[in-house]
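The values are calculated or read from the model by the stated rules, or taken from the named source; none is laboratory data. Not measured: the values here are computed from a predicted model. Methodologically, a virtual Cβ is constructed for each residue, glycine included, from the backbone with ideal geometry; neighbour enumeration extends over all protein chains shown.
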Amino acid sequence: MKMKTVSSAVLRRFAALGVILLCASTLSAQKRPYPTAAQLAPTPPMGWNSWNHFAGKVDEADVRAAAKAMVTSGMAAAGYKYIVIDDTWEGQRDAQGFIHPNSKFPDMPGLIAYVHSLGLKFGIYSSPGPRTCAGYPGSYGHEQQDAETYAKWGVDYLKYDLCSYGEIIHKAAGDDLAKNLAMQKAAYEKMHKALESTGRPIVFSMCQYGTDSVWKWGAGVGGNLWRTTGDINDTYRRMAAIGFNQAGLAKFAGPGHWNDPDMLEVGNGGMTDEEYRTHMSLWAILAAPLIAGNDLSAMTPVTLSILTNREVVAVDQDRLGKEGDRVWQQGPLQIWAKPLAGGAEAVGLFNTSYNPHIVTFKLSMIGFPAGAHLRDLWKHEDVQATNGEYTVELPRHGVVMLKVTR
């Protein structure tokens, strides 16, 4: 069969149309709206950060091992997805001012591609100041360049730590608290806008240690989460002081903007297993980001079971997006409750004493009827209230975590 000849003019016309369609498609992609905060972080971020265990010694091999272990251990399946390098990855800036990693991370784009190949997301660290906390180059004066570099590499999460910018604030503002706060806000908003301009969705984690009531203004400058405290360490005393002092902050948290009482210490060896269960329970009720800080490649079965308890993680990740709060306290005993989707409540019974104590939880404390259903989330079994009360003995620094449904 003889094929019809298509004239060159027609071909040129189709070619031109193709270019127009391609340009229209490109413009459409460029105009795609940046994700809202609630789309970026609909529930508290879950993942791993290098600092608590490795601090300044972290290198590419450690991060690759953590990423692999997150998948093979079952942590990824339980909801953990961010692999975040904290401070000390930074090298020098080139003649144009763009940051490069140091010798510990010889192939940052390759490392990030590896993390992505596992179905995980990647996070990095910087500071609005000229230096990070460990003295490495910060983003001061290079915010747009750094945002573009992170986007080019494929970064999904940025932890932005105030550090040396505090010196700049003090020099410029002195004791002027209003100017101090305005400079903080401006620094964080500047990086947020730089990240947004790249078009790449990057979760923005603000770290300025909870000063100046950051929970009141963090969302307004683009934060998806903000530290509400100073640094945690691997002791019950410090963990409890941070966690139980979150009372009253629930109204400032919700989808896209979360109070962050710092990373988890579970598995680092400074607390007992019971204390780590308290740590995990309290952070879940607080709707806190669950950012593990241990060596994922060398976890004990108990550590893994605490971090991946699906019923406890589900409380933290509940789609309602409500942070819990304290509903009762007497001496060393505290009861906290967190509203859940569907009308249920998560309840934590805590004993902060060095001795065992008996505590009675009354269903009326959270407005539930006497016949409500109770489930123990650490024992994975249903338990029974009697006449609207549930009484249990808590070990020293112990916890019982319940899900209460009508």
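Overview of values
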{"quantity": "Scope the range 136-160; condition under 17 Å from residue 107 (Cα atoms), in contact with a helix residue (DSSP H, G or I) (Cβ under 6 Å, 6 or more places away or on another chain) and either in a loop (DSSP other than H, G, I, E, B) or modelled with pLDDT under 95 (or both); matching residues", "calculated": "154"}
{"quantity": "Residue among 212, 234, 161, 176 that alone is out of contact with any Pro (no Cβ under 7 Å at 6 or more places or on another chain), more than 29 Å from residue 265 (Cα to Cα) and in the same structural domain as residue 99 (by TED's automatic domain parsing)", "calculated": "176"}
{"quantity": "Within the range 161-259, helices (runs of 4 or more DSSP H) holding 2 or more residues that are of a type in the set (Phe, Trp, Tyr) and crowded, with 16+ Cβ neighbours inside 10 Å", "calculated": "236-244"}
{"quantity": "Subset of the range 366-391 (residues that are surrounded by 16 or more Cβ atoms within 10 Å (Cβ to Cβ), outside any loop (DSSP other than H, G, I, E, B) and not acidic (Asp, Glu))", "calculated": "366, 374, 375, 390"}
{"quantity": "Any chance residue 266 is surrounded by fewer than 24 Cβ atoms within 10 Å (Cβ to Cβ) and either under 21 Å from residue 43 (Cβ atoms) or of a type in the set (A, V, I, L, M) (or both)", "calculated": "no"}
{"quantity": "When residues of the range 211-256 are limited to those that are within 15 Å of the chain's Cα centre (by Cα) and among the small types (Gly, Ala, Ser), the one nearest to residue 38 (Cα to Cα)", "calculated": "256"}
{"quantity": "Test: residue 174 is modelled with pLDDT of 95 or more and either within 18 Å of the chain's Cα centre (by Cα) or on the phi > 0 side of the Ramachandran plot (or both)", "calculated": "no"}
{"quantity": "Tally, over the range 326-335, of residues that are part of a strand (DSSP E or B) and either of a type outside the set (A, V, I, L, M, F, W, C) or in contact (Cβ under 8 Å) with a residue 60 or more places away in the chain (or both)", "calculated": "5"}
{"quantity": "Some residue of the range 332-341 being within 25 Å of the chain's Cα centre (by Cα), surrounded by fewer than 17 Cβ atoms within 10 Å (Cβ to Cβ) and not assigned by TED's automatic domain parsing to the domain that holds residue 43", "calculated": "yes"}
{"quantity": "Complete set of residues in the range 291-320 that are hydroxyl-bearing (Ser, Thr, Tyr) and loosely packed, with under 15 Cβ neighbours inside 10 Å", "calculated": "300, 305"}
{"quantity": "Any hit, the range 63-80, residues being modelled with pLDDT of 95 or more, within 30 Å of residue 141 (Cβ to Cβ) and surrounded by 12 or more Cβ atoms within 10 Å (Cβ to Cβ)", "calculated": "yes"}
{"quantity": "Filtered residues of the range 372-383 (kept if closer than 19 Å to residue 342 by Cβ and without any contact (Cβ under 8 Å) to a residue 12 or more places away in the chain)", "calculated": "382"}
{"quantity": "Boolean, residue 283 is of a type in the set (Phe, Trp, Tyr), closer than 20 Å to residue 315 by Cα, surrounded by 20 or more Cβ atoms within 10 Å (Cβ to Cβ) and within 17 Å of the chain's Cα centre (by Cα)", "calculated": "yes"}
{"quantity": "Residue within the range 279-298 that is within 26 Å of residue 252 (Cβ to Cβ), of a type in the set (Val, Ile, Thr) and in the same structural domain as residue 252 (by TED's automatic domain parsing) present", "calculated": "yes"}
{"quantity": "Failed item in (1) over 30 Å from residue 157 (Cα atoms); (2) in contact with a His (Cβ under 6 Å, 6 or more places away or on another chain), with residue 387 passing the rest", "calculated": "(2)"}
{"quantity": "The range 77-97, residues that are farther than 29 Å from residue 45 by Cβ and in contact with a strand residue (DSSP E or B) (Cβ under 7 Å, 6 or more places away or on another chain)", "calculated": "92, 94"}
{"quantity": "Residues (closer than 16 Å to residue 277 by Cα, out of contact with any helix residue (DSSP H, G or I) (no Cβ under 9 Å at 6 or more places or on another chain) and charged (D, E, K, R)) located in the range 378-406", "calculated": "379, 393"}
{"quantity": "Residues located in the range 89-147, provided they are touching an Asp or Glu at 6+ places or on another chain (Cβ under 8 Å) and β-branched (Val, Ile, Thr)", "calculated": "99, 132"}
{"quantity": "Subset tally (residues that are under 24 Å from residue 190 (Cα atoms) and crowded, with 20+ Cβ neighbours inside 10 Å) for the range 104-132", "calculated": "10"}
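Residue by residue, here is whether (1) under 23 Å from residue 388 (Cβ atoms); (2) among the polar types (S, T, N, Q) holds:
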residue	(1), (2)
292	no, no
295	no, no
313	no, no
320	no, no
336	yes, no
348	yes, no
351	yes, yes
367	yes, no
